[in-house]
Amino acid sequence: MQHVAAAITFVHNNKKRRDRASFSIQLCRHSTFHAQMQFVIAAVTVAAATAAVSAATPAALTIFVIQVHALVVQHVCAFISVSCHFHRKSSSIVGTMGKYAAWPGRKFAKKLLLIWNGHIGKKKKTIRVRTEDGSPLESKVAIMPGKTRFGNNLDILNFTPASVFNFVRESTAKAKAEEVFQSTKLITKNVVYELIRPFLGDGLLISTDHKWHSRRKALTPAFHFNVLQSFLGIFKEECKKFLNVLEKNLDAELELNQVIPPFTLNNICETALGVKLDDMSEGNEYRKAIHAIEEILIQRVCNPLMYYNWYFFLYGDYRKHSQNLRIVHDLSSRIIERKRQQFQQKQLGEVDEFGRKQRYAMLDTLLAAEADGQIDHQGICDEVNTFMFEGYDTTSTCLIFTLLMLALHEDVQNKCYEEVESLPEDSDDISMFQFNKLVYLECVIKESLRMFPSVPFIGRQCVEETVVNGMVMPKDTQISIHIYDIMRDPRHFPKPDLFQPDRFLPENTVNRHPFAYVPFSAGQRNCIGQKFAILEMKVLLAAVIRNFKLLPATQLEDLTFENGIVLRTQENIKVKLSKRVT
Ligand code: HEM
């Protein structure tokens, strides 16, 4: 039986859970005992809070989350939504309540508010996002109108992974995203990333400040052209295995979500980490665990009360989360151990036999840094987890969508076929240079990433007061950047919902704004693995197109998009294959 549980949620927007908290009310459907427990807790808190709010002045209602959406400013057509957590601090409510000393529930409500807002009363000033020139905020940004007197908090009732995706998209407005990308102050990730921290630790994706700077500097050479070139043989070998899988699925409907991920996981493990996965079951278990972790993450995003670790521990899927974390962390530990043994046997030198400075793959680089005392074991684990995840799921997603689009657009597929036909017959003879010259295939990958970016939304937060787009954003303001919508802006990509790889032909990109196309993000925190990804995908796509004709089995209209760590669809994506006769 389904229960409707009302939960008052309090989303803190800084680590210390201090002021500028956002406050939202959410109803969630559950059928478990936990839901009943939530209901009891929630019923009490709702009653107390409602009483507190109605007892206080209407000004008290200013505790709420407003999604502030920046309007267009000047020439850039990026989209950005700045989720500014507006409120008047709980302390002001408590203060206002002083006038209602006679109200019997006052003490209880005050206590509740104090619990919610840990360090209440330390600062008396309310800090809000404001415009630099003093004009009304609405003149600079689009503020999502709330449907109730609680602002837009109640508008997110019954969130699901699919509705989160749509809500985030609807709340988008035009503004300059380049200021966010370019800002040296805005390199810290926002509160949502804290939910991935148990999985990825303080690796390159999540870390910030000095740690991020030094790791990024150390790891950049591990993705140098020469290193990538040394990976080519591995990509080709894995590709041969993949083609064998396809051979077995001729004329049947092929579920891309099943066959692509093992290919990209093997690739990242064998190249960047330098370790071959022992058997298929090792990889399967890892992928299943990642999926489970992602599902739990989304549950937490859908119910902000779950942001609290204690609440998640008591009422969330904490145990399932821990079990799956153990699986992924065990695999990465085994990988590090295997590599460490190899590393100790063959200490890596500073220069090669020709006296040139050697460049190492990613895990070798980290082990060398460990030997120099620059990183500890935990640091290596965090980076390995980050690279395994980032390097596998993102490229899988892109390959799945690219193969789907090729199946749906026969003309595009034929043009790609013409291009790849010119490559040497034996794939072992194809050089990196020849892969780089597959210009049209690259346009196809880019167009697919434009329409279906593997990472649709990213986030930042202000660690100090920051001015962006004429808005003064106080410390802890949460910012989400809508990569998905940036790249569907008709001013830069006319008819954005049409798949047109020609948009990326060199002659058509000359005047495009540098921040109009950002599937790998932009600025300092852009993707370190983008060249790796493009090369890996080209190797696979060229081989598939040369050997098979792709036919549609899934239509775009069949798909329901969902929010995940990467872009997800509720349905598996399928294509059909027929062997090309040469
Ligand atoms: C189609 C493939 C890929 C896409 C679309 C993609 C996209 C992105 C995006 C949008 C970011 C910024 C994330 C943020 O700001 O929160 C990012 C960061 C990152 N990506 Fe990728 N990525 C891809 C492939 C890869 C691969 C293959 C690797 C590793 C080999 C990788 C490793 C990373 C890392 C470590 C970061 C964090 C970089 C930093 O903050 O310094 N990515 N990626």
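All of the numbers you see were taken from the coordinates with simple rules; none came from a lab. If you're wondering where the values come from, they're calculated on a predicted model, not measured in any experiment. Here the Cβ positions follow ideal geometry from the backbone for every residue, glycine too, while neighbour counts run over all protein chains shown.
Here are the numbers for the structure shown:
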| item | result |
| --- | --- |
| Relative packing of peptides 364-376, 395-407 - highest average C-beta neighbours within 10 Å first | 395-407, 364-376 |
| Above-threshold pairs, the threshold being 32 Å between Cα atoms, out of 185/531; 475/531; 240/288 | 475/531 |
| Cα gyration tensor category, rounded, prolate or oblate, for the stretch 272-343 with a/c compared to 1.5 | prolate |
| Calculated on alpha-carbon atoms, Rg and Dmax of the stretch 491-553 in Å | 14.9, 40 |
| Efficiency of FRET between residue 497 and residue 313 - r from beta-carbon atoms, R0 51 angstrom, step 0.05 | 0.75 |
| Gain upon complete extension [residue 209, residue 320; 0.36 nm per residue less C-alpha separation] | 36.7 nm |
| In Hz, Karplus ³J(HN,Hα) per residue of the stretch 427-441 (6.51, -1.76, 1.60; θ = phi - 60°; x = Gly, Pro) | 4, 4, 8, 7, 8, 4, 4, 5, 5, 5, 7, 7, 5, 5, 4 |
| Residue order, fewest to most surrounding Cβ atoms within 10 angstrom, among 442, 464 | 464, 442 |
| Likely footprinting exposure, 287, 215, 580, 340, fewest C-beta neighbours within 10 Å first | 580, 340, 287, 215 |
| For the stretch 368-506: rounded, prolate or oblate by the Cα gyration tensor [a/c cutoff 1.5] | oblate |
| Difference of contour (0.36 nm per residue) and Cα-Cα distance, residue 531 to residue 434 | 33.4 nm |
| Order of 329, 321 - criterion: other Cβ atoms within 10 Å of each residue's Cβ, fewest first | 329, 321 |
